[in-house]
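Notes to accompany the following structure.
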Amino acid sequence: MCKRMNKSNATSSGSKSSSSKQLDSQEPPKHGTKHRPLTPLRILRGVLCLVVFLSTAFMMLVYWAPVTAVMLRFFSVHYSRKATSILFGSWLALWPFLFEKINKTKVVFSGEAVPRGERVLLFSNHRTEVDWMYVWDLALRKGQLGYIKYILKSSLMKLPVFGWGFHILEFISVKRKWEVDELNMRQMLSTFKDPQDPLWLVVFPEGTDYTEKKCIRSQQFAAENGLPILNNVLLPKTKGFYASLHSLRSSLDAVYDVTIAYNDHCCPCFMDNVFGVDPSEVHIHIQRVPLDQIPTSEEGTATWLMEAFRLKDQLLSDFYAQGHFPVEGTEGDLSMLKCLIDISVIIALTSICTYLTFFSFWFKIYVTSACACLASSTYFNIRPSPVLFSLKTLFGSKNTS
């Protein structure tokens with residue numbers, strides 16, 4: 001948490017000293033050690049989990065993605081999404097199992113409960129590179145894990161295997177330049193409007209994860225432009241949030257303001273999660289925002305979002321002072337039985353697919369073709385349209401010409 005910048009240099013040295021002391025009292029202690037030691041057993045367990053996750057991801061993608069996300073989509077986008085969500089939601093459920101059951105990370109939910117079956121837009125602060133993975137813990141509890149979608153930077157789409165998964169789950173990739181991203185983003189959002197399709201769209205308006213240097217730059221910009229000076233979050237970028245809300249408002253049930261914090265101000269990275277050394281606790285606060293409380297104009301939405309982040313900043317300051325968010329315990333623990341069933345199904349399918357790959361010439365050809373299909377469709381951002389819809393469009397254009 002970086003110190004608040006002074007708006008003026010005209011204050012007296014006494015007031016500077018008192019304000020500095022006040023800010024220093026709010027500043028978190030430096031956190032250099034992990035909550036759990038990186039023992040050989042944790043390394044072995046982490047490597048084993050990573051191998052299982054990568055191998056199951058690869059086999060699930062090459063064997064099932066061409067069926068659910070390509071072939072089935074030629075006939076129905078709705079059923080394609082449903083089949084994809086069931087299969088790959090089961091795989092995504094491996095991660096909350098790792099976090100909560102293997103690593104024993106305590107995930108504490110607070111605020112308001114999210115009803116099942118809602119189509120929602122969630123926006124969150126972005127403390128670390130793994131915040132988005134902890135939203136899976138909430139989505140799993142609500143049966144929406146396979147329907148979750150993120151707006152993420154385009155470089156992540158280039159990750160081996162995972163980039164293919166992001167593509168078939170219809171994540172929206174952005175280059176973080178609005179003049180470049182606007183057209184692609186609006187086109188993708190237009191495909192999410194069907195109220196029959198469940199949807200959890202997650203947006204991180206800060207656009208990047210929090211660091212001290214980014215916080216200082218954000219505060220400098222705020223001071224120069226008369227905006228709130230924030231200590232625990234960065235100033236939000238409003239265009240992506242407004243585009244999402246504007247495109248989907250008529251088909252959404254609500255917007256949820258999500259605030260994520262970690263005990264002792266730790267900033268876990270991906271490998272900390274894999275090896276289970278950090279975090280020991282994740283706190284997720286949820287506030288429901290009725291759609292009629294958010295202005296419809298772009299300027300009004302931008303002002304509303306800026307105020308929401310000012311309140312989020314205060315909420316995080318209270319968390320760091322008290323060690324918890326208000327109204328804890330809104331969600332229960334994950335079902336161990338359900339987790340074990342999901343893992344058993346995924347490993348069984350992976351074992352069958354692995355056997356077929358090694359001992360069948362024709363399945364080797366299928367796997368090679370599937371890899372080529374997934375790589376090219378991800379690189380060129382290709383998603384097939386239903387044949388019936390394409391025919392209607394074709395004949396409709398002929399009739400009008």
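The values are calculated or read from the model by the stated rules, or taken from the named source; none is laboratory data. Predicted model only: the values in this text are computed from it and were never measured. Cβ placement follows ideal geometry from the backbone for every residue including glycine, while neighbour counts extend to all protein chains displayed. SASA here: full protein model, heavy atoms, side chains in, ligands and nucleic acids out. Shrake-Rupley method; radii C 1.70, N 1.55, O 1.52, S 1.80 Å.
Results, tabulated for the structure shown:
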quantity: Kirkwood Rh and Cα Rg combined as Rg over Rh, evaluated for region 261-329; calculated: 1.10
quantity: Contour minus Cα-Cα distance for Thr39 and Tyr79 (0.36 nm per residue); calculated: 9.9 nm
quantity: Label of the coordinate-derived value, semi-axes √(5λ) of the Cα gyration tensor in Å, listed as (1) 38, 27, 22; (2) 39, 28, 18; (3) 31, 26, 20; calculated: (2)
quantity: HN-Hα J in Hz across region 293-308 - Karplus 6.51, -1.76, 1.60, θ = phi - 60°, x for Gly and Pro; calculated: 8, 9, x, 8, 7, 5, 5, x, 5, 4, 5, 4, 5, 4, 5, 4
quantity: Potential lengthening between Leu48 and Lys364 on full extension [0.36 nm per residue; Cα-Cα distance subtracted]; calculated: 111.2 nm
quantity: 222 nm mean residue ellipticity, helices alone, for the chain (DSSP H n ≥ 4; -39,500 (n - 2.57); rounded to 500); calculated: -16500 deg cm²/dmol
quantity: 3J(HN,Hα) from dihedral phi, region 110-115, Karplus parametrisation 6.51/-1.76/1.60, rounded to Hz, x for glycine, proline; calculated: 8, x, 10, 7, 9, x
quantity: Solvent exposure, largest accessible area first (probe 1.4 Å, DNA, RNA and ligands not counted), of Tyr242, Tyr366; calculated: Tyr366, Tyr242
quantity: In nm, spacing of pseudo-spin labels at Thr354 and Ser190 (7 Å Cα→C-beta vector); calculated: 4.4
quantity: Of Val174, Gln144, Pro160, farthest towards positive along the dipole that unit charges on Lys, Arg, Asp, Glu beta carbons give region 144-184; calculated: Pro160
quantity: For region 142-256: lysine pairs under 12 Å (alpha-carbon distance), excluding those fewer than 8 apart on one chain; calculated: 4
quantity: Cα gyration tensor category, rounded, prolate or oblate, for region 85-127 with a/c compared to 1.5; calculated: oblate
quantity: Order by protection proxy (mean Cβ within 10 Å, highest first), peptides 268-276, 214-222, 256-264; calculated: 256-264, 268-276, 214-222
quantity: Contour excess over end-to-end distance, with Cα ends at Leu340 and Lys213 and 0.36 nm allotted per residue; calculated: 41.5 nm
quantity: Relative contact order (percent, whole number), region 249-401, Cα cutoff 8 Å, 6+ residue spacing; calculated: 16
quantity: Computed E for Cys267/Val327 - FRET, C-beta separation, R0 25 angstrom, nearest 0.05; calculated: 0.50
quantity: Relative contact order (percent, whole number), the chain, Cα cutoff 8 Å, 6+ residue spacing; calculated: 28
quantity: Protection-proxy order for peptides 229-241, 297-309, each taking the mean of Cβ atoms within 10 Å per residue, highest first; calculated: 229-241, 297-309
